[in-house]
1. What FRET efficiency comes out for the pair residue 99/residue 180, r = Cβ-Cβ distance, R0 = 45 Å, nearest 0.05?
2. Take the Cα of residue 128, step 7 Å along the line toward its Cβ, and report every residue of segment 158-177 whose backbone nitrogen sits under 17 Å from that point.
3. Hey, which aspartates and glutamates would be in cross-link range of residue 260, C-alpha to C-alpha under 16 Å, not counting anything within fewer than 8 residues on its own chain?
4. Would you mind calculating the gained length between residue 258 and residue 167 on full extension (0.36 nm times residue separation, minus the Cα-Cα distance), in nm to one decimal?
5. Just the accessible area per residue of the chain, please: how many Å² with a 1.4 Å probe?
6. When N is the residue count of the chain, what does its C-alpha Rg come to as a fraction of 2.2 N^0.38 Å?
7. Evaluate the distance, in nm, between pseudo-label points positioned 7 Å from the Cα of residue 231 and of residue 2 along their respective Cα→Cβ axes.
8. Among 48-57, 63-72, what's the highest-first ranking by average C-beta atoms within 10 angstrom per residue?
Amino acid sequence: MMDWGMQNRINRIIKPDTGKTLMFAVDHGYFMGPTSGLEQLDQTIEPLLPYADSLMLTRGALRYYTDPRVDVPIIMRVSGGTSILNKNLLHEGITVSMEDAIRMNASAVAFSILVGSDFERDTLLAFTQVVDEAERYGIPTLAVTAVGKALVRDARYLSLASRIAAELGARIVKTYYCENFERVINTCPVPVVIAGGKKIPEMDALTMAYNAIQTGAAGVDMGRNIFQSDAPVAMVQAVRAVVHNNATPAEAFEMYEEIKNR
Ligand code: R5P
């Protein structure tokens with residue numbers, strides 16, 4: 001039997017007309033505190049929301065920096081527990097009950113797993129607990145394949161982590177773009193989106209998004225490369241053209257420049 005609620009929530013995030021999604025990530029505060037560009041989170045996201053298919057953030061950011069009239073599906077970060085000051089960064093556990101995620105009308109919940117680390121078992125078991133609770137209410141779980149400093153972000157590792165995430169119940173996997181990305185896409189049975197990562201030149205970020213989409217990614221879950229851009233409103237529209245309209249990096253960059261200079 002089709003799980004209507006689950007399918008409806010996924011379709012609110014991954015747009016049925018293109019099969020793609022532009023997730024806008026502003027959840028960095030859960031381990032990075034007042035991240036550059038998000039000090040006044042509400043002011044940063046306000047002009048960008050019309051171009052986002054979903055907004056990924058913490059329950060605190062949702063409560064304190066957004067208006068309940070916001071008309072964008074929410075992906076709620078439900079993992080955390082360590083900060084950038086901790087040498088065991090990314091040893092994350094559950095930070096939000098499913099009851100509170102539902103109360104705040106989350107369309108999906110997001111949890112970081114750390115495959116290959118000393119803490120992999122903790123993060124994978126907490127992840128499956130979230131999956132069990134989320135599935136009960138028809139809420140998709142997005143797994144984030146966090147990568148520790150000692151691990152290499154290559155296709156071998158990222159396909160392993162992504163496949164494990166899907167086998168353990170993720171409905172969507174968020175991972176990093178890498179060389180031979182088709183290996184990640186071809187061995188993961190659920191939609192894969194890529195994280196943006198640290199701020200890089202706009203053309204490079206657009207090229208990475210383009211390569212990921214052309215290889216079969218379902219979209220991007222991008223944060224810093226949008227809100228730390230010189231022109232965030234131009235950048236989000238350029239990324240959107242790559243994700244939904246198959247714009248080439250050159251076309252998207254031209255669009256970025258044009259909107260920026262308007
Ligand atoms: C990391 O786990 C966080 O979820 C970030 O929000 C995510 O990586 C996307 O943001 P960025 O594009 O800035 O890496």
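The values are calculated or read from the model by the stated rules, or taken from the named source; none is laboratory data. Computed from a predicted model, the values in this text were never measured in an experiment. Glycine also receives a Cβ, built like all others from the backbone with ideal geometry; neighbour counts cover every protein chain displayed. Areas reflect the complete protein model, heavy atoms only, side chains present, ligands, DNA and RNA absent. Shrake-Rupley method; radii C 1.70, N 1.55, O 1.52, S 1.80 Å.
1. Values: r = 41 Å, r/R0 = 0.92.
Efficiency, from the Cβ-Cβ distance: 0.60.
2. Of the residues in segment 158-177, 161-171 have backbone N under 17 Å from the label point off residue 128.
3. 202, 230, 251
4. Working: separation 91, 0.36 × 91 = 32.76 nm, distance 4.36 nm.
Gain on extension, residue 258 to residue 167, equals 28.4 nm.
5. Values: 12050 Å² over 262 residues.
Spelled out: the 1.4 Å probe surface of the chain, per residue, equals 46 Å².
6. Working: Rg = 17.1 Å, N = 262, 2.2 N^0.38 = 18.3 Å.
Cα-based Rg divided by the globular estimate yields 0.93.
7. Once both label points are built, they end up 4.2 nm from each other.
8. Top of the packing list down: 48-57, 63-72.
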